[in-house]
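For reference, the structure is listed below as structure tokens.
The values are calculated or read from the model by the stated rules, or taken from the named source; none is laboratory data. Given the structure is predicted, the values throughout are model-derived calculations rather than measurements. Here the Cβ positions follow ideal geometry from the backbone for every residue, glycine too, while neighbour counts run over all protein chains shown. In case anyone asks, the SASA skips ligands and DNA or RNA and just uses the protein heavy atoms, side chains included. Shrake-Rupley method; radii C 1.70, N 1.55, O 1.52, S 1.80 Å.
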Amino acid sequence: MSGLLYEYSILKINITLSEFSQVTKGIIDGPDIDVPIHSVAYDSRLIKDGDNKVFFALNGRFRKGIDFVDDAYNKGIRVFVVSSEDFTKKTDAVFIRVKNTLDALLNLAKWHRNQFDLPIITIAGTHGKTIVKEWLGIMLSEKYRVVKSPKSYNSKLGLALSILELNSASEIAIFEVSLTEIGEGKLFNNLLNP
């Protein structure tokens with residue numbers, strides 16, 4: 001659990017561990033295995049089956065993701081993205097060490113976005129982003145297979161998880177973004193290429 005209140009997301013990709021470490025700019029620490037990664041977890045409470053999943057030890061306002069590595073491990077996760085070494089390593093698990101776990105997740109989302117050549121609509125603003133996204137999603141879904149941000153997923157984490165929902169059936173995507181920090185507009189534009 002990272003201290004953030006988002007739901008579990010299923011990654012719509014198939015990436016090998018070696019590719020994954022390159023995309024996230026991480027260093028692999030652990031046994032020499034190359035398992036395919038199909039989904040991402042960041043909240044250990046919501047993990048039901050850890051097969052082919054990677055756990056991002058994200059830091060929240062009140063908690064450190066590293067504190068939940070053991071719980072994720074006990075639920076079957078064997079690949080972890082960490083920015084700290086303050087935990088007990090497991091001999092049958094792989095740890096990908098990065099500078100910042102959220103940045104690593106954003107790198108993965110950008111890589112995933114680049115796998116698709118489809119129109120992306122981005123909605124930004126102070127008020128009304130979610131309702132406009134929902135209305136637009138309803139209208140466009142009459143003609144296209146739409147992927148859109150769930151609920152109000154408009155932070156960096158929420159946007160990364162939303163992008164990771166893109167799949168081979170997607171024809172158009174609608175994402176909302178919340179610009180709360182300096183430089184986020186450029187980051188989101190680079191990430192989405194709307």
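Among 53-59, 148-154, 186-192, 88-94, how do they line up by average Cβ neighbours within 10 Å per residue, starting with the highest? Numbers along the way, then the final one.
Numbers: 53-59: 24.6, 148-154: 18.7, 186-192: 16.0, 88-94: 13.0.
The packing order, highest mean first, is 53-59, 148-154, 186-192, 88-94.
Take each peptide in 114-127, 13-26, count the other Cβ atoms within 10 Å of every residue, and average; sorted highest first, the result is 13-26, 114-127.
Sort the range 64-121 into rounded, prolate or oblate with this rule: let a ≥ b ≥ c be the square roots of the eigenvalues of the Cα gyration tensor; rounded if a/c is under 1.5, and if a/c is not under 1.5, prolate when a/b is larger than b/c, oblate otherwise. Prolate shape, in that a/c is at least 1.5 and a/b is the bigger ratio.
Residue pairs exceeding 23 angstrom between C-alpha atoms, taken from Lys110/Lys156; Lys25/Lys129; Lys90/Lys156; Lys110/Lys186: Lys25/Lys129; Lys90/Lys156. Of (i) 15.1; (ii) 10.7; (iii) 10.1, which one was derived for mean projected area of the Cα convex hull in nm² from the structure shown? Computing mean projected area of the Cα convex hull in nm² and matching it to (i) 15.1; (ii) 10.7; (iii) 10.1 gives (ii). Rolling a 1.4 Å probe over the protein heavy atoms gives the range 44-194 an accessible area of 53 Å² per residue. Surface composition of the range 73-115: carbon plus sulfur atoms contribute 40% of the solvent-accessible area (1.4 Å probe, protein chains only, all chains present).
What shape does the range 107-194 take by its C-alpha gyration tensor, where a ≥ b ≥ c are the square roots of the eigenvalues and a/c under 1.5 counts as rounded, a/b above b/c as prolate, and the rest as oblate? Note, shape of the range 107-194 comes out oblate.
Here Lys151 is the anchor, and the aspartates and glutamates within straight C-alpha reach of less than 19 Å, apart from those fewer than 8 places off in the same chain, are Glu7, Asp43, Glu134, Glu165, Glu176. Extending 7 Å from Cα along the Cβ direction at Asp51 and again at Ile131 yields two label points whose distance is 4.4 nm. Near the amide H of Ile174, within less than 5 Å, lie the amide hydrogens of Ile121, Val147, Lys148, Ser149, all on another chain or at least 5 residues away, with H placed in the peptide plane. Per-residue surface analysis assigns Arg113 an accessible area of about 20 Å², computed on protein heavy atoms at 1.4 Å probe radius.
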